[in-house]
Ligand code: MAN
């Protein structure tokens, strides 16, 4: 392996939260996932917003239970469908044969959790962030928290029969939340906000999911004057990441470092054989501080792959999905979803992670990454 950068080692890994640690929110439901957490420094500790996935405990022979949020009545409901009416896709979803529509086998909401030391959960917040409108009927998922001035903003995925969109909400205290509506219309997820304005504009990474299949999903970058209206869209990263052949997406909201904006992104390779969902791994990306549309470099190989038992087995095995980054002096705490089941935290040295990034030989992509160039 001479000439190759060394892969940064995890200094420490902890499983922070498992489904058994959380009470279901809905009657006659069970928690099957506590994963993909947003995380940010708060009150001398860390606050997390954890995606909790629940499914009905009742089973009926020859039927599948498809839970949803009845937004008109404001409560959870179950759509029982005959098994011969649906086609199973993977543990997460089925396709309704008559309409071709996809439905989830679970419903997600967001739980507030507090940690003083960053490695253990001390308490949960009282207020749950539940689905609330027609765009959230199949759940609210995968939040990402960014502090902008004195307010905590979080993007989250709103899933419904209208598609997979990304919405924005905010809070000052994690006791009450304000919804700001959809900021990226379907299909778009993995939206992370930068913590500072650049040239008086907010900046976000996002991941449009094209239906046309001209290419594979890529990470894009956009700017906004007010967090609501997004424009100046540019494609940032995709096919040049050799190990992310099926999907790539933003992971953690970026943090400012001497070398540039540092963020972790995830990538997904299609499994060799049919059946499984395939591995999700993560790597570091550095963007220019003044012009984040310019990629300084990325780690050519994943810096984080599923290796611990709780990452290798669960609802969907072999998944690490970073969604939060907290800096502790010269270390980073990476908060992530493990196997679509649990929440983990992994500690890295900041300089190790930044050193894994190589500009590499991808000059052909550079021109289109420069803001203003065609
Ligand atoms: C994918 C997965 C699921 C998620 C849906 C809708 O299938 O990420 O976990 O529920 O998208 O967002």
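Being within 10 Å of the ligand (Cβ to nearest atom), closer than 22 Å to residue 218 by Cα and without any contact (Cβ under 8 Å) to a residue 60 or more places away in the chain is the requirement here; does residue 159 meet it? So residue 159 passes the test.
Determine which member of the set 147, 73, 81 is touching a strand residue (DSSP E or B) at 6+ places or on another chain (Cβ under 8 Å), without any contact (Cβ under 8 Å) to a residue 24 or more places away in the chain and more than 16 Å from the ligand (Cβ to nearest atom). Spell out how you get there, then give the answer.
Numbers: 147 fails: without any contact (Cβ under 8 Å) to a residue 24 or more places away in the chain; 73 fails: touching a strand residue (DSSP E or B) at 6+ places or on another chain (Cβ under 8 Å).
Within the list 147, 73, 81, the selection yields 81.
Within the set 193, 168, the sole residue that is under 18 Å from the mean Cα position of the chain (by Cα), within 21 Å of residue 289 (Cα to Cα), away from the ligand (no atom under 14 Å from the Cβ) and touching a residue at least 12 places away in the same chain (Cβ under 8 Å) turns out to be 193.
Quick check on my filter: what residues within the stretch 163-194 are farther than 22 Å from residue 112 by Cβ and assigned to a strand (DSSP E or B)?
Narrowing the stretch 163-194 to residues farther than 22 Å from residue 112 by Cβ: 163-165, 182, 184-188, 194.
Listed by number, the residues that qualify are 163, 164, 165, 182, 184, 188.
Among residues belonging to the stretch 278-291 that are at pLDDT 95 or above and in a loop (DSSP other than H, G, I, E, B), point out the one that is surrounded by the fewest Cβ atoms within 10 Å (Cβ to Cβ). Looking at the filtered set, the residue picked out is 290. Within the stretch 229-251, the residues that satisfy the criterion of being modelled with pLDDT of 95 or more and assigned to a strand (DSSP E or B) are 231, 232, 233, 234, 235, 236, 237, 248, 249, 250. In the stretch 268-277, the condition of being buried (at least 24 other Cβ atoms within 10 Å of the Cβ) and either farther than 20 Å from residue 51 by Cα or modelled with pLDDT of 95 or more (or both) is met by no residue.
So, residue 226, is that one outside any strand (DSSP E or B), away from the ligand (no atom under 14 Å from the Cβ), over 18 Å from the mean Cα position of the chain (by Cα) and closer than 24 Å to residue 322 by Cα or not?
On the way: outside any strand (DSSP E or B): yes; away from the ligand (no atom under 14 Å from the Cβ): yes; over 18 Å from the mean Cα position of the chain (by Cα): yes; closer than 24 Å to residue 322 by Cα: no.
Taking the combined requirement at face value, the residue does not satisfy it.
Selection within the stretch 91-110: residues that are assigned to a strand (DSSP E or B), without any contact (Cβ under 8 Å) to a residue 24 or more places away in the chain and farther than 17 Å from residue 36 by Cβ. The member of this set that is nearest to the ligand (Cβ to nearest atom) is 102.
In the stretch 255-266 there is at least one residue that is without any contact (Cβ under 8 Å) to a residue 40 or more places away in the chain and buried (at least 16 other Cβ atoms within 10 Å of the Cβ).
Would you check if residue 113 is over 20 Å from residue 164 (Cα atoms), modelled with pLDDT of 95 or more, within 16 Å of the ligand (Cβ to nearest atom) and in contact with a strand residue (DSSP E or B) (Cβ under 8 Å, 6 or more places away or on another chain)?
Numbers: over 20 Å from residue 164 (Cα atoms): yes; modelled with pLDDT of 95 or more: yes; within 16 Å of the ligand (Cβ to nearest atom): no; in contact with a strand residue (DSSP E or B) (Cβ under 8 Å, 6 or more places away or on another chain): yes.
Spelling it out, it is not the case that residue 113 is over 20 Å from residue 164 (Cα atoms), modelled with pLDDT of 95 or more, within 16 Å of the ligand (Cβ to nearest atom) and in contact with a strand residue (DSSP E or B) (Cβ under 8 Å, 6 or more places away or on another chain).
The requirement of being away from the ligand (no atom under 15 Å from the Cβ), in a loop (DSSP other than H, G, I, E, B) and either closer than 23 Å to residue 342 by Cβ or at pLDDT below 95 (or both) is fulfilled somewhere in the stretch 57-66, by at least one residue.
The values are calculated or read from the model by the stated rules, or taken from the named source; none is laboratory data. No experiment lies behind these values; they were computed from the predicted model shown. Methodologically, a virtual Cβ is constructed for each residue, glycine included, from the backbone with ideal geometry; neighbour enumeration extends over all protein chains shown.
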